[in-house]
């Protein structure tokens with residue numbers, strides 16, 4: 001079983017990202033699982049990405065970073081690729097998750113919550129952005145999630161989080177549907193203008209699309 005760490009006393013019982021209650025409870029309870037979900041959240045749906053940690057645990061028997069880091073790389077790739085594949089790019093994501101686990105095991109004592117526990121805003125952003133598959137934008141989203149839903153609020157967090165809608169603002173299934181619909185509409189609007197959504201940030205909250 002993966003080591004877990006309560007992120008904050010007021011942590012939610014679930015994060016409604018996958019549509020599966022067990023998976024949603026896992027990513028809320030286990031910071032390691034939460035970060036794996038964010039790593040997988042690339043070129044797949046939010047639901048697919050955040051169902052991944054539970055499926056990884058089912059297939060490999062653990063989410064413990066020490067154990068994941070020590071698994072034979074090909075065994076992990078095979079586990080990711082077994083139908084239904086955990087991700088549309090199973091081999092690349094297996095390697096990325098294994099790399100994430102190795103960093104958490106080596107640098108943070110096997111506990112992803114150590115990345116933000118007692119740390120400053122700048123430290124949290126830097127540590128998150130240095131993880132495989134996270135980067136600067138996701139680090140700000142995760143910081144927003146920690147602040148808004150887990151009560152992790154180091155001084156200056158308000159100015160460090162995105163000013164546009166992200167998963168940090170999602171606490172119900174209806175809010176997830178609204179978030180995804182808004183994101184699809186924004187991307188469609190840009191593409192209709194011949195623009196690449198990847199080169200733009202979404203509109204600020206409350207602004208006209």
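Read-outs throughout are calculated quantities, based only on the coordinates presented, and are distinct from any laboratory measurement. Quick caveat, the model's predicted, so the values are computed rather than measured. Glycine gets a Cβ as well: all are built from the backbone with ideal geometry, and neighbour counts include every protein chain shown.
Couple of notes before you dig in:
- The distance between label points at residue 95 and residue 59 comes to 1.7 nm (points 7 Å beyond Cα on the Cα→Cβ vector).
- Placing pseudo-labels 7 Å out from each Cα toward the beta carbon at residue 129 and residue 179 gives an inter-label distance of 2.2 nm.
- Relative contact order computed over the chain (Cα-Cα under 8 Å; 6+ residues apart), in percent: 19 percent
- Among (1) 37; (2) 52; (3) 29, the entry that matches percent of Cα pairs over 27 Å apart as calculated here: (3)
- Between residue 47 and residue 193, the modelled label-to-label distance comes to 3.0 nm, taking each label 7 Å out from Cα in the direction of the beta carbon.
- Residue exposure proxy: 93, 137, 76, ordered by other Cβ atoms within 10 angstrom of their Cβ from fewest to most, comes out as 137, 76, 93.
- Segment 1-115: Cα Rg divided by the 2.2 N^0.38 Å rule of thumb: 0.97
- Residues 138, 199, 187, 204 in ascending order of nearby Cβ atoms (within 10 Å, fewest first): 199, 204, 187, 138.
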